Structures are given as structure tokens and as C-alpha cells.
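The values are calculated or read from the model by the stated rules, or taken from the named source; none is laboratory data. Everything numeric in this text was worked out from a predicted model, so none of it was measured. Please note: Cβ atoms are built from the backbone with ideal geometry, for glycine as well, and neighbour counts cover all protein chains shown.
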Amino acid sequence: MSENKQVFIEAASRLCLNLTQENLEQLGNLAVGIFEGVSGEPETETIVNGPEEAPAQDPKEELRGKSISSGSLLASDILPKFIGTLKKYNPEEAKVYEQIDFNSIPDDKLGDLTEEIFKSMDTIAPEGCYFGAHEGDGADFGFWPAD
């Protein structure tokens, strides 16, 4: 066994007995030193805090290609589902619509309200998507890729 490996093993054994963040950093630096001694090339980046975490994914991405309501065009069927989705991704915006009884709204006002809810839903669409009816099924509303 090479002298460098023996030194590393002894140091690692001592440091692992009392594992702290400082000891992990020392252990990482020791390993880098041994690597440089073996390869002759310095390591360009050292990660001493464990594996690098992947960047957090936008929670709205789970909506991509997802149908929210299908099989009905009745406002009383579809709008509560839209608002339920909106509540999960933009609760402040959803509060505006949550108390509405859609059955009591006159038809001439329902179109305007539906349009406003569609606009709100579009604000939570994943990047590159829109909220609306599916191309092949006008009664399937969801978040579809924009062409």
C-alpha cells in the first residue's frame, strides 16, 4: 500500500470517529490532496457537502399536458375544477372565485366570469404551455403545449 493511501486511511479513520461538517471538509481536502499526488493534476472543483442537489423543479411543471376537466361544457361542472387547480398553484387568485355560486350567475355574466377564470388559469400554465381546450376534444380543458 502506498504511503499516501495509508495516510488517507489513518486520517479518515480518525475523522470518521467524530463526524462533523468540519471533519467532512477536512476529509474532502485530504482526498483532494491525495488525488493531486496520484494524478499530478489538481482537482478543479471539490464537493465536500455530499452529492450536489438538482435544482428545484417548478411545481407547475406537473400540469404540463394534464387535463383538468373533460366531458362537460357546463360552467357548473368545469369552473369549480379550474378553481380547485388554481387554489393549489395560486391561492390568492383563487380566493376571488371560491365563494361564487355558478348556478346563480346570469348567463350574460357567466361568459365574462369564465373568460377571467381562463386568464387566471393561463397564469399558472407551465412555460411553453397554455390553458384551454384540447385540439382534438373541445370538452377537454387542460394545460397543453403551445405550438
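Things worth noting here:
- Any hit, the range 67-84, residues being touching a residue at least 12 places away in the same chain (Cβ under 8 Å), part of a strand (DSSP E or B) and surrounded by fewer than 17 Cβ atoms within 10 Å (Cβ to Cβ): yes
- Residue that is within 22 Å of the chain's Cα centre (by Cα) and not aromatic (Phe, Trp, Tyr), where the choices are Ile105, Ile124, Ile117: Ile124
- Residue match in the range 74-84 (condition: over 29 Å from Asp147 (Cβ atoms) and of a type outside the set (S, T, N, Q)): yes
- Among the numbered conditions (1) within 25 Å of the chain's Cα centre (by Cα); (2) surrounded by fewer than 10 Cβ atoms within 10 Å (Cβ to Cβ); (3) modelled with pLDDT under 85, the only one that Asp58 does not meet is (2).
- Sole exception among (1) touching a Phe, Trp or Tyr at 6+ places or on another chain (Cβ under 8 Å); (2) exposed (fewer than 14 other Cβ atoms within 10 Å of the Cβ); (3) closer than 13 Å to Ser76 by Cα for Leu110, by number: (2)
- Index of the failed condition, Gly28 passing every other in (1) touching a helix residue (DSSP H, G or I) at 6+ places or on another chain (Cβ under 9 Å); (2) surrounded by 13 or more Cβ atoms within 10 Å (Cβ to Cβ); (3) modelled with pLDDT under 90; (4) not acidic (Asp, Glu): (1)
- Filtered by the rule that a residue be of a type outside the set (Phe, Trp, Tyr) and within 12 Å of Ser120 (Cβ to Cβ), the range 88-97 gives Asn90, Pro91, Glu92, Glu93, Ala94, Lys95, Val96.
- Annotation for the range 100-120: at least one member residue is part of a helix (DSSP H, G or I), in contact with an Asp or Glu (Cβ under 7 Å, 6 or more places away or on another chain) and closer than 21 Å to Glu62 by Cβ.
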